[in-house]
1. Take every Cα pair under 8 Å in the chain that's 6+ residues apart, average their separations, divide by the length, and report that relative contact order as a whole percent.
2. Apply 1/(1 + (r/R0)^6) to the Cβ-Cβ distance of Ser350 and Ile279, taking R0 = 25 Å, and write down the FRET efficiency to the nearest 0.05.
3. Distance between Cα centroids, the range 313-339 to the range 87-158: provide it in whole Å.
4. For Thr104, Thr425, Thr278, what's the fewest-to-most ordering of other Cβ within 10 Å of each Cβ?
5. Taking Cα pairs under 8 Å and at least six residues apart, what relative contact order does the range 242-339 come out at, in percent?
6. At a 10 Å Cβ-Cβ cut-off, how would you order Met385, Met330, Met112, fewest neighbours first?
7. So which lysines pass the test for Lys347, namely a Cα distance under 24 Å, with those fewer than 8 places away in the same chain ruled out?
8. Loop sites only, by DSSP: take the GluC sites (Glu not before Pro) in the chain that have at most 13 other C-beta atoms within 10 Å and name the longest stretch containing none of them.
Amino acid sequence: MTSITPARLAGDAIGISQQEISDFAKIVGQDHVLTGTADRFCYSRDRLPYGLFKLRDHGLPGTLASLVLSPGDADEIQAIVNYARSHKICLIPFGAGSGVLGGTIPLVNEVMVDLKRMNRILDINAIDGTVTVQAGMNGMQFEQALNAQGFTAGHLPQSIAMSTVGGWVACRGAGQASSRYGKIEDMVLGLKAVLPNGQKLDVRPVARRAVGPSIKDLMVGSEGVFGFITEVTLRIWRQPEHASALVLAFPSIEAGFTALREIMQSELRPEVIRLYDTIESAQRTEGMAEFDDRPILCIMKFSGKEKLANAERDISYAICHQHGAVTAGMAPYEHWEKTRFHSYSTKWQSEGYYMDTIEVTGTWTHLPDMYVAMRDAAKAIHPEMHFGAHWSHIYAEGACQYMTVRLPPMPIEQALPLHYSAWETIERICLEMGGSVAHHHGAGLFRNAWVQTELNEGLNMLQLLKDGLDPDNLINPGKLALRQPVGTVWNT
C-alpha cells in the first residue's frame, strides 16, 4: 500500500490510491465516499471572496480535494484519523463551507471530511437550560427545532441557513443577538472531539470550572487544526415573551458611539443594536425626513419579559436622546428583520465586482479614529473603492466594526493587488490601534499574516500544541497561521 506524502498530494490529479479509497469506504460505507471531479471541486473552496474571484477566472484558490468522506459518528471519524495517520494522509474537517476566510481550502489535495451526517439534537435539558447537539447539524434546522420546544440558542448569524453548529464553534462565531446572548464562546459549556492523535476528547458541560486553563477554549475557534469537534453542549434560553424595537436618527457617528457605550455600560441588554455610517445609513433611509439633519441610522431590538424589555427600551432611548437622537419610522427595522439572513454579496459578485467584508474589534477609546483612518486609507487605494461600515456587536468595552469594501469590474490581474491592499491596510491600522483583526469570521487562511502579529508569542504556544497532537501536520494544515505543509499550493 502506497503512503501519501504532501509532495505527492500537491502534484497528483486525485492524490490518493484506489486501495486507500477502498479502505476509507470500509469505514464510512461506499455511499459516503465521493471521488468525482465535480464533487471534489465543490469541496475545494468555501465562501472566501478571493476564492470566488479565482473561480470566476476558472481557477481555484488552492488545490483540488483528493476525496470526500462523510462519516456517520465519532467512531468513524476516529477510524478515519487513525488510518490517515498511518498513511500520512492530510484531512480537513468540513461543515457547510460557509466560512469566508479560506479555513477549509485544500492546500495539498487534502481529503475532505464532511460532518453533515452527524445532524441530530441528542438532548434538551430544560432544567439546566442546555442542549447537546451533533456538530454537523444545520444552524437553521437547529434553531427551528429549539423553537418548537419553546427555546432559542440565541445564536443567529446571517449564515444560519448555510452553516453548522460545529462550524459556529470552530470559527468562534457571533450571531446578530450577541449583545444580549454573547458570542458562541459564551454559550459553549462542553464538547466532544476527535484529536489529531486519534484520541477522543470529552470536555464535560458544567456551569464553571477551575481545573487549569480552559481546554474547551482551545477547541472553540480552532478551525479544525486541533481535530474534529463532534458534539457540543450549549446554553439555551426560553424564547422571549415580548419584543419591541426602536429606529433612531443620530446627528453623528460619535454621538452614536457614546450612546451605545453608555447603554452597554449601564448593564442594559438589548438583543440587537446596529449603528450605520453615513454611507450605509443613506442606503436604508432614503426619503425619511428624520435623517435630513441626523444622517446616522441606529436600530435596536429589546426582548424578554415584557416589563423588563420595555424598561430597557425606555432607558436606552433616554440615553440616546441625551446625545441628540430622535425616533424615526420603523421601515429600516422592518426591512432588516425581513432580510437579516440574506447575503448582499451575491448581487455584486455575480456582476463582476470585487466585493469583500472585513470585521475587526476595537475599543471605545479607539473606534472613532479607527473608523476614519480605515475609511480614508481604503478609499485612497482606488478612486472607485466603495467603503461602508456598521457596528452590530456591541459590548461594554467596545464593538465590532464590520466593513464592506468593493472594487468595480476590472481585469483580475489589476483587482487582486488592490483587494489585498485594502485588507492589508485595514488590518494593519487595526493592529496599530490595539484592536483584534477578527471578531467572528475567524482567521482561516487569508488572515495568516495578521494573526501572526496579533498572537505574537501565543502563536508559538499554539504551534507547540499542534506539533504535540499532530506531529505530521495532517489535520487542516496551514490554517490559523500555523506551519504550512510541504508542497503547499496557495494561489495568491
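1. 16 percent
2. Taking R0 as 25 Å, the efficiency between Ser350 and Ile279 is 0.70.
3. 34 Å
4. Thr278, Thr425, Thr104
5. Dividing the mean separation by the residue count of the range 242-339 yields 47 percent.
6. Met330, Met385, Met112
7. Lys54, Lys338, Lys379
8. 1-240
Throughout, read-outs are computed from the coordinates displayed, never taken from laboratory work. Keep in mind the model is a prediction, meaning the values are calculated, not measured. Cβ sites come from the backbone with ideal geometry, for glycine too, and all protein chains shown count toward neighbours.
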